[in-house]
1. Looking at this structure, is Thr68 within 24 Å of Val26 (Cβ to Cβ) and either modelled with pLDDT under 90 or open to solvent by 70 Å² or more (accessible area, probe 1.4 Å) (or both)?
2. Show the residue pairs that are 6+ apart or on different chains and have beta-carbon atoms under 9 Å apart, the first residue being within the stretch 119-132 and within 11 Å of Val98 (Cα to Cα), the second being exposed (fewer than 12 other Cβ atoms within 10 Å of the Cβ).
3. Residues of the stretch 81-90 being of a type in the set (Ser, Thr, Tyr) and crowded, with 18+ Cβ neighbours inside 10 Å, which ones?
4. Tell me whether the stretch 20-34 contains one or more residues that are modelled with pLDDT under 85, of a type in the set (Lys, Arg) and open to solvent by 80 Å² or more (accessible area, probe 1.4 Å).
5. For the stretch 42-56, how many residues meet the condition of being of a type outside the set (S, T, N, Q) and open to solvent by 30 Å² or more (accessible area, probe 1.4 Å)?
6. Would you please list the contacts, defined by Cβ atoms under 9 Å and residues six or more apart or on different chains, that run from a residue in the stretch 37-64 that is on the phi > 0 side of the Ramachandran plot to a residue that is open to solvent by less than 70 Å² (accessible area, probe 1.4 Å) and assigned to a helix (DSSP H, G or I)?
7. For the stretch 91-137, what are the residues that are among the β-branched types (Val, Ile, Thr) and open to solvent by less than 60 Å² (accessible area, probe 1.4 Å)?
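The values are calculated or read from the model by the stated rules, or taken from the named source; none is laboratory data. It should be emphasised that the depicted structure is a prediction, and the values quoted were computed from it without experimental measurement. Because the Cβ atoms are built from the backbone with ideal geometry, glycine has one as well, and the counts that use them run over all protein chains shown. The accessibility values were calculated without ligands, DNA or RNA, using every heavy atom of the protein model including side chains. Shrake-Rupley method; radii C 1.70, N 1.55, O 1.52, S 1.80 Å.
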Amino acid sequence: YFWRRASRREGDTAVELRNPFRLKWVLGFALLFAVVQLLAAAATQALGPVGTYGAAALAGLTDVNAITLSVAQLADRGEVSRQVATNSIVLGAAANTVSKAVIAVGLGGWEFASRVVLALLGVLVAGAAGLALAGVV
């Protein structure tokens, strides 16, 4: 439906594709990962699990990969429990999903955002259901 509807629009412009493995992007992710790792470790040291959750929610607003790797390493080193790591990753992913919805509203307008937000809401509900079935929630 959406593809057919979009193909009828006039004036669409081509999207410029870029190489995702450019050194600039790789170094940017490495820097983001290092900052998130430091933030997560410092927050965990200072506040315990609550700090880890806060760092996960904050980092998840921009990127879920960095917080996922960071808390997985914290759990591997025994600095947080696996349960705290799991909850942190889920919280980061939820924050990332919400930030994508906000971006969709801001950049795409309400017509575009209504479709995107509906899909993202489905993702959040499915994730919550999965956690409930697994006994995590």
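1. no
2. So the pair list comes out empty.
3. Going residue by residue through the stretch 81-90, those that are of a type in the set (Ser, Thr, Tyr) are 81, 86, 88.
Selection gives Ser88 alone.
4. Yes.
5. 7
6. Listed by first residue and then by second, the contacts come to Gly48/Val84.
7. Quick first cut of the stretch 91-137, residues among the β-branched types (Val, Ile, Thr) only: 97-98, 102-103, 105, 116-117, 123, 125, 136-137.
Matches in the stretch 91-137: Thr97, Val105, Val116, Val117, Val136.
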